[in-house]
1. Can you list residues whose amide H is under 5 Å from residue 73's amide H, if they're 5+ apart or on another chain and H is modeled 1.01 Å from N?
2. Calculate the FRET efficiency for residue 153 and residue 48 from the Cβ-Cβ distance with a Förster distance of 41 Å, rounded to the nearest 0.05.
3. From the square roots a ≥ b ≥ c of the eigenvalues of the alpha-carbon gyration tensor of the stretch 112-183, which class results: rounded (a/c under 1.5), prolate (a/b over b/c), or oblate?
4. Leaving out ligands, DNA and RNA, and with a 1.4 Å probe, what % of the accessible surface on the stretch 129-227 is carbon or sulfur?
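The values are calculated or read from the model by the stated rules, or taken from the named source; none is laboratory data. Nothing here was measured: the structure is a model prediction, and the numbers come from that model. Glycine gets a Cβ as well: all are built from the backbone with ideal geometry, and neighbour counts include every protein chain shown. The area values use the complete protein model at the heavy-atom level, side chains included, leaving out ligands, DNA and RNA. Shrake-Rupley method; radii C 1.70, N 1.55, O 1.52, S 1.80 Å.
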Amino acid sequence: MNAFNTFSLSRSWSRRVVWLGFAATVAVGSFAILASGPSFAQRKSGPAEVSVEELMKPTDLPDLALGDTDAKVTVIEYASMTCPHCAHFENETFDAFKKKYIDTGKVRFIFREFPLDNLAAAASMLARCAGTFKAFPLIQTLYARQPDWAFVQGNPVPKLFDIAKQAGFTQASFDKCLTDQKLLDQITAQRTRASDTFGVNATPTFFINGKRLQDAPTIENFDKVIEPLLAEKK
């Protein structure tokens, strides 16, 4: 069985992700992302370009977006909260990217969930439940503290709750979020669509006006793709 199938969030077992007792009853070994996630995250095969119209088509899961809606360039990231490469981009590159491109109105940035495992799905659900204005700060915090909750021995839920409390979660709202089957289904559907329609099979995957970023997500490599697009006449 390949890595993609191993981490498929099929409905048949995904209910266990959000049920309150999942972490207490699932063995540490079940979170196979600890060993397999990084290698899976480095897989880069996939189409070099996809339909922008299809990529931007609305779904019932609203996009998490930053920047000017009229920006000339749109960058979409598909990411997993337990992916070390995604955390590296967030922790080491995103602030500079945001300052150079998003804050200046040149780029609209969209973050889409592509969970590699059930723990990543749970973290993504918490970011969604935090609300529009707190979603990105919580994502940033979860990535900054990824070693504290994604790669711990034993039950990761108390660590997640400690972080969620900083975003205003109570025990009741935390539990309610992690039992929201509709939200989990929406995130799962987004992951499936990304794979089936756009060939996403690695995290992070970036599309820049429909063109897949083929190299590491550094400022320099973003520049190589974005700057020519900005220079084009409308």
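1. Those lying under 5 Å, H to H, from residue 73 are 108.
2. Working: r = 41 Å, r/R0 = 0.99.
My answer for the efficiency is 0.50.
3. Values: a/c = 1.20, a/b = 1.20, b/c = 1.01.
Taking the square roots of the gyration eigenvalues as a ≥ b ≥ c, the stretch 112-183 is rounded.
4. On the way: 2350 of 4360 Å².
That fraction is 54 percent.
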